[in-house]
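First up is the structure itself, then whatever we jot down about it.
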Amino acid sequence: MIEPHEVVSCLEQDKAAADGQAVVQLMFLDADLMPVGTGRPRFHQVTYPDRGLFDGIATLHRDLAQGEDELDVESSLIRLVDVLLTRHADAPGAASPTLRPRALRHVREMLHSHLNTNITLDDLAAVAGCSKRHLIRSFRQAYGVPPHQYRTLLRLAGAKSMLIAGLSVAETAAELGYCDQSQLNRHFRRRFGMSAGGYARAVR
């Protein structure tokens, strides 16, 4: 963790592991991702031994490299920022009140009606009339999962129905707004332990 205006330098162990030359990848966090009205969080160490957070960031990099859509990636980033602030910052921020049920219903209806569209957290937050962080927290409290996972569950339920009805994996992926069938297969395998094609062969 590097505070704003601090000089960035490689850690000694990184230099040693790379024979004196190391590549540093920086992730700059937008101020909009920070809690509102609580002051800027402070970090007093450069490194933190946190395997769960490390694995989450590695997964985020993988999803970016594989071209996962914006709603999934940005939601993952905000969740990781929340974990980082809660575990390691001096001022993680106070929780905001949960959104009213009507606002959450509007968000859920938008997810249902735009199932094949890669909507963003900005779109959903505009419907709810709140920040993206507040939306994710309130939606999870109301429905058990954040918006991007809710949409994934909707899409996978739809994919099962389409595959049973005889659509190909490619046709199903296109109908549900996936960029290609490999993206559908990744999501399908994570949820059900098999590819969409394997599921189609099993049910026909």
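If packing is taken as the average number of other Cβ atoms within 10 Å across a peptide's residues, how do 58-65, 118-125 rank, most packed first?
Working: 58-65: 12.5, 118-125: 18.0.
Ranked from most to least packed, the peptides come out as 118-125, 58-65.
Mind running the shape call on region 50-204? Use the C-alpha gyration tensor, a ≥ b ≥ c as the square roots of the eigenvalues: rounded below 1.5 for a/c, prolate if a/b tops b/c, oblate otherwise. Let's see the in-between values first.
Working: a/c = 2.47, a/b = 1.52, b/c = 1.62.
Oblate is the answer for region 50-204, as a/c is 1.5 or above yet b/c matches or exceeds a/b.
Bear in mind these aren't lab numbers, they're just calculated from the coordinates by the rules spelled out. As the structure is a computational prediction, the values presented were derived from the model and not from experiment. As a convention, Cβ positions derive from the backbone with ideal geometry for all residues, glycine included, and neighbour counts pool all protein chains shown.
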